[in-house]
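Student: Once you've had a glance at the structure underneath, I'll fire off some questions.
The values are calculated or read from the model by the stated rules, or taken from the named source; none is laboratory data. What you see is a predicted model; the values in this text were computed from it and never measured. As a convention, Cβ positions derive from the backbone with ideal geometry for all residues, glycine included, and neighbour counts pool all protein chains shown. Quick note on the areas: whole protein, heavy atoms, side chains included, nothing else; ligands and nucleic acids left out. Shrake-Rupley method; radii C 1.70, N 1.55, O 1.52, S 1.80 Å.
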Amino acid sequence: MDSDSEITVLNRLVREVNRGLPDGGDLAQQLLGGTLPETLPWEAVGHLGAQAELAAKVLARAVADHETGISILLYGPPGTGKTTFAAALAARVGVALRPVGESDESGDEPSRGDRLADLRLAHRLVAPGSAVLLFDEAEDLFGGWVLEGMPARGSRVFTHRLLEQTAVPVIWTANNINQISPAALRRMTLCLELRLPAESTRARLWSRHGSGGRRFAQRE
């Protein structure tokens with residue numbers, strides 16, 4: 001509903017209604033899209049040590065108690081397995097991991113507004129305690145405040161309140177933490193740095209999954 005009290009129905013909703021639901025179908029699930037499967041067992045992230053266990057404990061308590069305002073930031077350069085770890089973390093806690101804001105309503109590249117709208121829609125549709133949201137490349141939402149004196153691309157107050165009031169836990173990933181403002185970082189429940197595993201660790205992971213016949217799909 002806009003400032004003139006005119007109501008606009010999401011194109012995504014119209015498309016799904018026109019397509020029709022299969023018997024026993026769930027419209028909310030169709031609007032949310034699929035979940036991200038676990039690609040690595042928890043034992044495979046053992047090289048992350050105590051920080052992995054800490055993240056699991058924080059997330060498990062948030063899910064069990066339906067806590068609001070819970071955000072976990074995973075940051076590090078591409079190739080460090082942030083998305084893979086997020087999937088393993090959700091599986092460890094026993095909930096689904098739902099990526100949000102990866103495309104616009106037409107399946108094309110999303111804008112900052114598209115990503116934000118998708119995140120807000122997921123918060124309305126996901127039942128607390130049933131899933132965790134994944135927002136990859138968080139710089140799209142938080143970036144632009146601290147680089148070379150550039151002005152913010154959106155309202156800081158709005159974004160800060162979003163972090164403080166999230167109804168469902170969110171796992172954020174970022175390649176460069178310097179593109180996220182200190183004020184936003186302070187509102188994260190937990191910030192974990194993921195570094196490129198040592199060569200011996202990477203070799204052990206590939207060897208283990210290759211010999212076991214299990215495909216290892218890493219998105220980063």
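Student: With a 1.4 Å probe and all protein chains in place, put THR8, THR189 in order of accessible area, largest first.
Tutor: THR8, THR189
Student: Taking amide hydrogens as modeled 1.01 Å from N in the peptide plane, which residues meet the under 5 Å criterion relative to LEU134, leaving out close sequence neighbours?
Tutor: Under 5 Å from the amide H of LEU134 lie the amide H atoms of ARG98, VAL100, ILE171, each far enough along the sequence or on another chain.
Student: Over the stretch 21-118, with every protein chain in place, what whole percent of the accessible area is carbon and sulfur at 1.4 Å, could you tell me?
Tutor: Carbon and sulfur together cover 49 percent of it.
Student: What does the highest-first list of 12-20, 43-51, 112-120 look like by mean Cβ count within 10 Å?
Tutor: Output ranking for 12-20, 43-51, 112-120: 112-120, 43-51, 12-20.
Student: In nm, to one decimal, how far is the GLU53 label point from the ASN178 one, both placed 7 Å along Cα→Cβ?
Tutor: Each label point is offset 7 Å from its Cα along the Cβ direction, giving 3.4 nm.
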